[in-house]
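K.L.:
Questions regarding the structure given below will be posed in turn.
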Amino acid sequence: MVLLLGCDCSLAPDGGSYRAVTPEKLTGSTSSQRTGQHDFEFTWTFDATSFVIEGNAIPSDLITAMLGPDVKATKIEGAWEIRDGIICFVVGTEDKVPARECSMRIYSTGPIRIESSEAQYVF
């Protein structure tokens, strides 16, 4: 009998029990899932250095975090990188210079999760 065991021991930088997310794991991901009580119509896509969120009903917590309060949008796009368990976004906007920056906690509980102030987005 042969028994092979393996594990992914890359824990979150804060020593928590969630696995850290690497850029390679997020690149190529697409999600339209959000936790919470409300239905939304949107798609969030990542490539190696940029992201796009688009749809007729992008969740307000994402719009507020990335573009500011009282803004409406059907598309948000920009650059991203992961630093120490935090995903950092830079969003270029036509009417705001310099570009807007925001960050959110990112971790993996099996699926990858990005956590805003109001919900989790699952990839």
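K.L.:
Run through the range 49-123 and list the trypsin sites (Lys or Arg not before Pro) located in a DSSP loop whose Cβ has at most 16 other Cβ atoms within 10 Å. Could the numbers behind the result be given before it?
P.N.:
Details: sites: Lys72, Lys75, Arg83, Lys96, Arg100, Arg105, Arg113; in loops: Lys72, Lys96.
For trypsin sites (Lys or Arg not before Pro) across the range 49-123 that sit outside H, G, I, E and B with at most 16 neighbouring Cβ atoms in 10 Å, the list reads Lys72, Lys96.
K.L.:
Give the long-range amide H neighbours of Ser116: residues separated by 5 or more places, or on another chain, with amide H under 5 Å away, using H modelled in the peptide plane at 1.01 Å from N.
P.N.:
Here Tyr121 satisfy the definition.
K.L.:
Taking 37 °C and 0.692 mPa s as the conditions, I'd like the Stokes-Einstein D for the range 29-122 in µm²/s, using the Kirkwood hydrodynamic radius from alpha carbon pairs.
P.N.:
On the way: Rh = 13.5 Å.
Value of D from the Cα-based Kirkwood radius: 244 µm²/s.
K.L.:
Let's test the formula: R0 of 22 Å, r as the Cβ-Cβ distance of Ser32 and Glu77. What FRET efficiency results, to the nearest 0.05?
P.N.:
Details: r = 16 Å, r/R0 = 0.73.
So the FRET efficiency works out to roughly 0.85.
None of the figures in this text is laboratory data; all of them are computed from the coordinates on show. Fair warning: this is a prediction, and the values are worked out from it, not measured in the lab. Neighbour counts are summed over all protein chains in view; Cβ atoms, including those assigned to glycine, are modelled from backbone coordinates with ideal geometry.
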